[in-house]
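Contents: one structure, followed by commentary.
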Amino acid sequence: MIDKIVASVADAVSGIPDGATVLIGGFGGAGTPAELIEGLIEQGARDLTVVANNAGRGEVGLARLLMLGRVRRIVCSYPRDADGHVFDELYRAGKIELELTPQGNLAERIRAAGAGIGAFFTPTGYGTELARTPDGSPKETRRINGRDYVLEYPIYGDVALVKAERGDRWGNLTYHKSARNFGPLMATAAQLTIASVYEVAALGEIDPESIITPSIFVHRVVQVPRKSWGPAFKASEAVGHLKAHAQGQQGVPA
(Lines give C-alpha, C1' and ligand atoms only; values in the text may rest on other atoms or scores of the structure.)
Protein backbone atom coordinates (compact mmCIF):
# COMPACT_ATOMS: atom_id res chain seq x y z
CA MET A 1 0.00 0.00 0.00
CA ILE A 2 1.36 3.41 -0.96
CA ASP A 3 1.24 5.76 2.01
CA LYS A 4 3.48 8.83 1.90
CA ILE A 5 2.04 10.41 5.04
CA VAL A 6 4.65 10.75 7.79
CA ALA A 7 3.91 11.30 11.44
CA SER A 8 5.81 14.52 12.11
CA VAL A 9 7.77 17.36 10.58
CA ALA A 10 10.92 15.81 12.02
CA ASP A 11 10.20 12.61 10.10
CA ALA A 12 9.45 14.60 6.97
CA VAL A 13 12.84 16.35 6.87
CA SER A 14 14.94 13.48 8.20
CA GLY A 15 17.96 12.49 6.14
CA ILE A 16 18.49 15.80 4.35
CA PRO A 17 22.29 15.85 4.06
CA ASP A 18 24.81 18.61 4.55
CA GLY A 19 25.60 20.36 1.28
CA ALA A 20 22.17 19.70 -0.23
CA THR A 21 20.48 22.02 -2.71
CA VAL A 22 17.08 22.81 -1.20
CA LEU A 23 14.27 24.37 -3.24
CA ILE A 24 11.91 26.30 -0.95
CA GLY A 25 8.51 27.39 -2.23
CA GLY A 26 6.78 30.63 -1.38
CA PHE A 27 6.30 34.21 -2.50
CA GLY A 28 6.65 36.47 0.48
CA GLY A 29 4.51 34.72 3.06
CA ALA A 30 2.19 33.00 0.58
CA GLY A 31 2.96 29.32 0.17
CA THR A 32 6.06 29.38 2.36
CA PRO A 33 6.51 25.99 4.08
CA ALA A 34 7.32 27.57 7.43
CA GLU A 35 6.96 24.37 9.45
CA LEU A 36 9.29 22.46 7.14
CA ILE A 37 11.91 25.22 7.33
CA GLU A 38 11.71 25.11 11.12
CA GLY A 39 12.05 21.34 10.92
CA LEU A 40 15.14 21.70 8.74
CA ILE A 41 16.62 24.07 11.30
CA GLU A 42 16.05 21.56 14.07
CA GLN A 43 17.32 18.71 11.87
CA GLY A 44 20.73 20.35 11.60
CA ALA A 45 21.76 20.13 7.92
CA ARG A 46 24.28 22.81 6.98
CA ASP A 47 26.40 24.12 4.11
CA LEU A 48 23.17 24.29 2.11
CA THR A 49 22.39 25.89 -1.22
CA VAL A 50 18.90 27.39 -1.02
CA VAL A 51 16.80 28.25 -4.06
CA ALA A 52 13.87 30.53 -3.25
CA ASN A 53 12.15 33.64 -4.53
CA ASN A 54 13.09 35.66 -1.44
CA ALA A 55 16.02 35.62 0.99
CA GLY A 56 13.91 35.66 4.13
CA ARG A 57 12.18 38.31 6.22
CA GLY A 58 12.61 39.27 9.84
CA GLU A 59 14.33 36.68 11.96
CA VAL A 60 12.16 33.62 11.39
CA GLY A 61 11.91 30.87 8.79
CA LEU A 62 14.44 31.19 5.99
CA ALA A 63 15.99 34.27 7.61
CA ARG A 64 16.63 32.24 10.74
CA LEU A 65 18.19 29.44 8.69
CA LEU A 66 20.57 32.02 7.21
CA MET A 67 21.19 33.63 10.57
CA LEU A 68 22.32 30.34 12.06
CA GLY A 69 25.02 30.06 9.40
CA ARG A 70 23.50 27.02 7.74
CA VAL A 71 23.30 28.38 4.18
CA ARG A 72 26.42 28.72 2.05
CA ARG A 73 24.74 29.98 -1.11
CA ILE A 74 21.35 31.30 -2.14
CA VAL A 75 19.79 31.54 -5.61
CA CYS A 76 16.87 33.95 -5.65
CA SER A 77 15.18 36.78 -7.51
CA TYR A 78 14.45 39.17 -4.65
CA PRO A 79 17.10 39.15 -1.90
CA ARG A 80 16.35 42.65 -0.59
CA ASP A 81 13.34 43.35 1.57
CA ALA A 82 12.30 46.08 3.96
CA ASP A 83 12.71 43.53 6.74
CA GLY A 84 15.46 41.45 5.12
CA HIS A 85 18.35 42.66 7.28
CA VAL A 86 19.71 39.18 8.03
CA PHE A 87 20.63 38.42 4.43
CA ASP A 88 21.85 41.98 3.91
CA GLU A 89 24.27 41.76 6.84
CA LEU A 90 25.58 38.34 5.86
CA TYR A 91 26.06 39.31 2.22
CA ARG A 92 27.85 42.57 3.03
CA ALA A 93 30.15 40.64 5.36
CA GLY A 94 30.96 38.09 2.64
CA LYS A 95 29.43 35.24 4.61
CA ILE A 96 26.95 34.06 1.97
CA GLU A 97 27.09 33.67 -1.80
CA LEU A 98 24.30 35.08 -3.98
CA GLU A 99 23.22 34.14 -7.48
CA LEU A 100 20.70 36.76 -8.52
CA THR A 101 18.21 35.50 -11.11
CA PRO A 102 15.28 37.39 -12.66
CA GLN A 103 12.01 36.01 -11.32
CA GLY A 104 10.75 34.66 -14.64
CA ASN A 105 14.13 33.08 -15.37
CA LEU A 106 14.13 31.52 -11.91
CA ALA A 107 10.73 29.93 -12.48
CA GLU A 108 11.66 28.74 -15.97
CA ARG A 109 15.01 27.30 -14.84
CA ILE A 110 13.19 25.27 -12.20
CA ARG A 111 10.50 24.23 -14.68
CA ALA A 112 13.17 23.19 -17.19
CA ALA A 113 14.74 20.88 -14.61
CA GLY A 114 11.42 19.15 -14.03
CA ALA A 115 10.66 18.93 -17.75
CA GLY A 116 14.05 17.51 -18.74
CA ILE A 117 15.08 20.59 -20.72
CA GLY A 118 18.86 20.81 -21.10
CA ALA A 119 18.99 24.61 -21.42
CA PHE A 120 17.00 27.45 -22.96
CA PHE A 121 17.48 30.91 -24.44
CA THR A 122 15.72 33.92 -22.92
CA PRO A 123 15.91 37.65 -23.69
CA THR A 124 15.67 38.56 -20.00
CA GLY A 125 18.97 39.83 -18.68
CA TYR A 126 20.66 40.29 -22.04
CA GLY A 127 23.07 43.21 -22.03
CA THR A 128 23.15 43.44 -18.21
CA GLU A 129 25.32 42.05 -15.41
CA LEU A 130 22.78 39.21 -15.15
CA ALA A 131 24.14 37.90 -18.45
CA ARG A 132 27.25 36.77 -16.56
CA THR A 133 27.85 33.57 -14.61
CA PRO A 134 28.55 33.69 -10.86
CA ASP A 135 32.31 33.68 -11.59
CA GLY A 136 31.94 36.75 -13.82
CA SER A 137 32.40 35.09 -17.19
CA PRO A 138 29.84 35.95 -19.90
CA LYS A 139 26.98 33.57 -20.55
CA GLU A 140 26.45 32.25 -24.04
CA THR A 141 24.25 34.52 -26.15
CA ARG A 142 22.55 34.11 -29.50
CA ARG A 143 20.52 36.26 -31.90
CA ILE A 144 17.28 34.55 -32.89
CA ASN A 145 14.87 36.16 -35.37
CA GLY A 146 16.51 39.51 -34.83
CA ARG A 147 16.38 39.43 -31.03
CA ASP A 148 19.25 38.77 -28.58
CA TYR A 149 18.99 35.95 -26.04
CA VAL A 150 20.97 34.58 -23.11
CA LEU A 151 21.47 30.86 -22.46
CA GLU A 152 20.20 29.71 -19.07
CA TYR A 153 20.52 26.27 -17.46
CA PRO A 154 18.06 24.32 -15.29
CA ILE A 155 18.12 24.44 -11.51
CA TYR A 156 17.93 20.96 -10.00
CA GLY A 157 17.22 20.31 -6.34
CA ASP A 158 18.20 17.52 -4.02
CA VAL A 159 15.17 18.43 -1.92
CA ALA A 160 12.06 20.55 -2.44
CA LEU A 161 10.05 21.90 0.49
CA VAL A 162 6.54 22.93 -0.57
CA LYS A 163 3.35 23.98 1.16
CA ALA A 164 0.01 22.71 -0.12
CA GLU A 165 -3.58 23.03 1.04
CA ARG A 166 -4.65 19.37 0.74
CA GLY A 167 -2.99 16.08 -0.02
CA ASP A 168 -3.79 12.39 0.07
CA ARG A 169 -1.68 9.41 1.10
CA TRP A 170 -0.47 8.92 -2.47
CA GLY A 171 0.94 12.46 -2.48
CA ASN A 172 -1.51 14.24 -4.80
CA LEU A 173 -1.59 17.93 -3.88
CA THR A 174 -3.83 20.97 -4.29
CA TYR A 175 -2.92 24.55 -3.38
CA HIS A 176 -4.80 27.58 -2.12
CA LYS A 177 -4.84 30.40 -4.68
CA SER A 178 -1.57 32.41 -4.71
CA ALA A 179 0.07 29.95 -2.30
CA ARG A 180 0.52 27.82 -5.40
CA ASN A 181 3.37 30.02 -6.80
CA PHE A 182 6.71 28.11 -6.98
CA GLY A 183 5.55 24.92 -5.25
CA PRO A 184 4.33 22.92 -8.28
CA LEU A 185 7.48 23.75 -10.27
CA MET A 186 9.85 22.88 -7.45
CA ALA A 187 8.06 19.60 -6.76
CA THR A 188 8.99 18.38 -10.23
CA ALA A 189 12.64 19.48 -10.06
CA ALA A 190 13.88 17.70 -6.94
CA GLN A 191 14.99 14.20 -6.10
CA LEU A 192 13.03 14.37 -2.83
CA THR A 193 9.85 16.44 -2.54
CA ILE A 194 8.42 17.04 0.91
CA ALA A 195 5.01 18.69 1.25
CA SER A 196 3.23 20.10 4.27
CA VAL A 197 -0.57 20.13 4.04
CA TYR A 198 -3.35 21.50 6.18
CA GLU A 199 -5.78 18.75 5.25
CA VAL A 200 -5.34 15.06 4.45
CA ALA A 201 -7.98 13.82 2.03
CA ALA A 202 -9.10 10.25 1.52
CA LEU A 203 -8.14 8.64 -1.79
CA GLY A 204 -10.55 9.73 -4.48
CA GLU A 205 -11.80 12.68 -2.46
CA ILE A 206 -9.75 15.16 -4.50
CA ASP A 207 -11.22 15.66 -7.95
CA PRO A 208 -8.50 14.57 -10.43
CA GLU A 209 -9.17 17.76 -12.41
CA SER A 210 -8.21 19.77 -9.31
CA ILE A 211 -4.88 18.06 -8.63
CA ILE A 212 -2.04 20.50 -9.29
CA THR A 213 0.93 18.34 -8.28
CA PRO A 214 0.47 14.64 -9.14
CA SER A 215 1.65 12.06 -6.65
CA ILE A 216 4.52 10.87 -8.85
CA PHE A 217 6.46 14.01 -7.89
CA VAL A 218 5.87 13.80 -4.11
CA HIS A 219 7.70 11.56 -1.67
CA ARG A 220 6.64 12.67 1.83
CA VAL A 221 3.52 14.45 3.12
CA VAL A 222 3.05 15.79 6.63
CA GLN A 223 -0.07 17.41 8.05
CA VAL A 224 0.43 20.64 9.98
CA PRO A 225 -2.08 22.76 11.90
CA ARG A 226 -3.11 26.09 10.45
CA LYS A 227 -1.14 29.11 11.68
CA SER A 228 1.51 26.90 13.20
CA TRP A 229 4.87 28.56 12.54
CA GLY A 230 7.13 26.26 14.50
CA PRO A 231 8.91 27.01 17.81
CA ALA A 232 9.27 30.60 18.93
CA PHE A 233 12.62 32.26 18.37
CA LYS A 234 13.31 35.46 20.29
CA ALA A 235 14.82 38.35 18.37
CA SER A 236 17.44 38.95 21.07
CA GLU A 237 18.55 35.32 20.83
CA ALA A 238 18.76 35.55 17.04
CA VAL A 239 20.81 38.75 17.05
CA GLY A 240 23.13 37.31 19.68
CA HIS A 241 23.71 34.20 17.58
CA LEU A 242 24.40 36.30 14.47
CA LYS A 243 26.98 38.40 16.33
CA ALA A 244 28.63 35.28 17.77
CA HIS A 245 28.76 33.72 14.31
CA ALA A 246 30.35 36.85 12.86
CA GLN A 247 32.95 36.97 15.66
CA GLY A 248 33.74 33.30 15.18
CA GLN A 249 34.29 33.84 11.46
CA GLN A 250 36.79 36.60 12.29
CA GLY A 251 38.71 34.41 14.70
CA VAL A 252 37.45 36.30 17.76
CA PRO A 253 36.08 34.16 20.63
CA ALA A 254 32.30 34.46 20.66
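Things to note:
- The residues listed here are Ala232, Ala202; of these, the one that is surrounded by fewer than 12 Cβ atoms within 10 Å (Cβ to Cβ) and at pLDDT 95 or above is Ala202.
- Residue that is nearest to the chain's Cα centre (by Cα) [pool: residues in the range 162-218 that are under 12 Å from Gly31 (Cα atoms) and among the charged types (D, E, K, R)]: Lys163
- Residues being surrounded by 21 or more Cβ atoms within 10 Å (Cβ to Cβ) and either among the aliphatic types (A, V, I, L, M) or modelled with pLDDT of 95 or more (or both) - total across the range 46-59: 6
- Once the range 111-128 is narrowed to residues that are surrounded by fewer than 16 Cβ atoms within 10 Å (Cβ to Cβ) and small (Gly, Ala, Ser), the residue that is farthest from the chain's Cα centre (by Cα) is Gly127.
- Checking the stated criteria, Ala107 turns out not to satisfy the condition of being in the same structural domain as Asn53 (by TED's automatic domain parsing) and farther than 30 Å from Gly146 by Cβ.
- Contacts under 7 angstrom Cβ, first residue in the range 74-93 being free of Cβ contacts under 8 Å to residues at least 24 places away in the same chain, partner among the aliphatic types (A, V, I, L, M) and part of a strand (DSSP E or B), 6 or more apart: Tyr91/Leu98
- Taking the criterion of being crowded, with 22+ Cβ neighbours inside 10 Å and closer than 17 Å to Thr21 by Cα, the residues of the range 62-74 that qualify are Leu62, Ala63, Leu65, Leu66, Val71, Ile74.
- Scope the range 1-36; condition in contact (Cβ under 8 Å) with a residue 60 or more places away in the chain and closer than 17 Å to Arg180 by Cα; matching residues: Leu23, Ile24, Gly25, Gly26, Phe27, Ala30, Gly31, Thr32, Pro33, Ala34, Glu35, Leu36
- Only one of the listed residues (Ala160, Ala131, Ala189) is without any contact (Cβ under 8 Å) to a residue 24 or more places away in the chain, surrounded by 16 or more Cβ atoms within 10 Å (Cβ to Cβ) and either touching a strand residue (DSSP E or B) at 6+ places or on another chain (Cβ under 7 Å) or of a type in the set (Val, Ile, Thr) (or both). That residue is Ala131.
- Flag for Arg143 being among the basic types (Lys, Arg) and at pLDDT below 95: no
- The strands (runs of 3 or more DSSP E) found entirely in the range 97-149 that carry 2 or more residues being aromatic (Phe, Trp, Tyr) are 120-122.
The values are calculated or read from the model by the stated rules, or taken from the named source; none is laboratory data. Keep in mind it's a predicted model, so treat the numbers as computed, not measured. We place every Cβ from the backbone using ideal geometry, glycine too, and count neighbours over all the protein chains shown.
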